[in-house]
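I have a structure I would like to understand better, so I am pasting it below and will then ask my questions one at a time.
The values are calculated or read from the model by the stated rules, or taken from the named source; none is laboratory data. Keep in mind the model is a prediction, meaning the values are calculated, not measured. Neighbour counts run over all protein chains shown; Cβ positions are idealised from the backbone, glycine included.
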Amino acid sequence: MSAKNIVVLVSGGGTNLQALIDAQKNGELGCGKITCVISSKADAYALTRASDNGIKTRVLVRKDYSDIASYSKAMRDALLEEKADLIVYAGFMTILDENVCDAFQNKMINVHPALIPSFCGKGFYGLHVHECALEKGVKVSGATVHFVTAECDAGPIILQKAVEVLEGDTPESLQKRIMQEAEWKILPKAVQLFCDDKITVKDGKTIIK
Ligand code: GAR
C-alpha cells in the first residue's frame, strides 16, 4: 500500500485535528501521514496544535477572496501543491465549490456533529447543530463522517456513531459528549480505513472492506 499525504482543513479549536495527531502518534492512521494543515482563519488554535507537532501550516483566509469561486480556486491550487491524497475537513467552516470537490472526488472527508440526514446542510455547523437537536427533543444524536460533494453534507456516508441525549443537556454539554464519544473516534477510524484502501463508493454509498 502506498503512503498517503493527508491535508487537514480547519477553522477553529482543532480538537478533531488533535484526535488525528494522537492517532498518528499511536500508529493508527494506517498508511497516512498528516503533511499539512490549512486554516481559513489566521488565529485558529488548530494552527498552534499543528506547529507544536511539527506539521506544516498554511492560512487561506476566506475574506481575502472576493467570492467562493476564487477562494475555491486558491484552495484547489494549494491542495495540488501539497500533493494531497486525502483532505480532511476537521471543523472547517467554509463551503468549497464543485471545482475543488470534482478535482478531489471521493478524496475529501468531513466530520459532521449529527446523524446525517438529521440537522445537516447549509447553516448547520458548530454549536447551532446541537441547539437544533435539543430544540427538536431528539433522544439520540451523534456524528457522521462522509465524503464531501458540492452539495453540503450530502456525500456518501462512511461512519456514524450515536450518542444519547441526556435530560438537562445544554448545547455545550451535548457538543462535548458527541466530540468525546463519537467525533474523536470515528474521524481517525475513517482516515485509517481510507488510507488502507478499505473504502469503495458505489451508487452513492460506501462499502467498507
Ligand atoms: C466539531 O464539532 C465539528 O464536527 C464541527 O465543528 C466542530 C469543530 O471543532 N463541524 C461542523 O459543524 C461542520 N459542519 P474542532 O475545531 O475542535 O475540531
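Looking at segment 4-16 only, could you name the residues that are closer than 16 Å to L60 by Cβ and out of contact with any Asp or Glu (no Cβ under 6 Å at 6 or more places or on another chain)?
V8, L9, V10, S11, G12, G14 - these are the residues of segment 4-16 that are closer than 16 Å to L60 by Cβ and out of contact with any Asp or Glu (no Cβ under 6 Å at 6 or more places or on another chain).
Next question. Note down all Cβ pairs under 8 Å where the first residue falls in segment 88-111 and is farther than 11 Å from G155 by Cα, the second is of a type in the set (F, W, Y) and in a loop (DSSP other than H, G, I, E, B), and they're at least six residues apart or on different chains.
Here the result reads M93/Y125, each pair linking segment 88-111 to a residue that is of a type in the set (F, W, Y) and in a loop (DSSP other than H, G, I, E, B).
Among (1) farther than 24 Å from K189 by Cβ; (2) more than 13 Å from the ligand (Cβ to nearest atom), there is one condition C132 misses while meeting the rest; what is its number?
(2)
Sticking with this one: So the check is Cβ under 6 Å with 6+ separation or different chains; which pairs have a first residue in segment 7-21 that's outside any helix (DSSP H, G or I) and a second one that's of a type outside the set (A, V, I, L, M, F, W, C) and near the ligand (Cβ under 6 Å from one of its atoms)?
If the second residue must be of a type outside the set (A, V, I, L, M, F, W, C) and near the ligand (Cβ under 6 Å from one of its atoms), the pairs left are V10/G91; S11/G91; G12/G91.
If I filter segment 162-180 down to residues being touching a residue at least 24 places away in the same chain (Cβ under 8 Å) and within 12 Å of the ligand (Cβ to nearest atom), which single residue comes out as surrounded by the fewest Cβ atoms within 10 Å (Cβ to Cβ)?
E172
Now for a separate question. Does V138 qualify as being touching a strand residue (DSSP E or B) at 6+ places or on another chain (Cβ under 8 Å), more than 12 Å from the ligand (Cβ to nearest atom), of a type in the set (V, I, T) and modelled with pLDDT of 95 or more? First the steps, then the outcome.
Numbers: touching a strand residue (DSSP E or B) at 6+ places or on another chain (Cβ under 8 Å): no; more than 12 Å from the ligand (Cβ to nearest atom): yes; of a type in the set (V, I, T): yes; modelled with pLDDT of 95 or more: yes.
Here the answer is no, as V138 does not meet what is asked.
The rows are residues; the columns are (1) within 13 Å of the chain's Cα centre (by Cα); (2) farther than 18 Å from V201 by Cα.
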| position | (1), (2) |
| --- | --- |
| C132 | no, yes |
| E135 | no, yes |
| T149 | yes, no |
| T170 | no, yes |
| L174 | no, yes |
| R177 | no, yes |
| W184 | yes, yes |
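So, in segment 31-47, of the ones that are within 14 Å of the ligand (Cβ to nearest atom) and of a type in the set (D, E, K, R), which residue ends up farthest from Y89 (Cα to Cα)?
Only one residue fits best here, namely D43.
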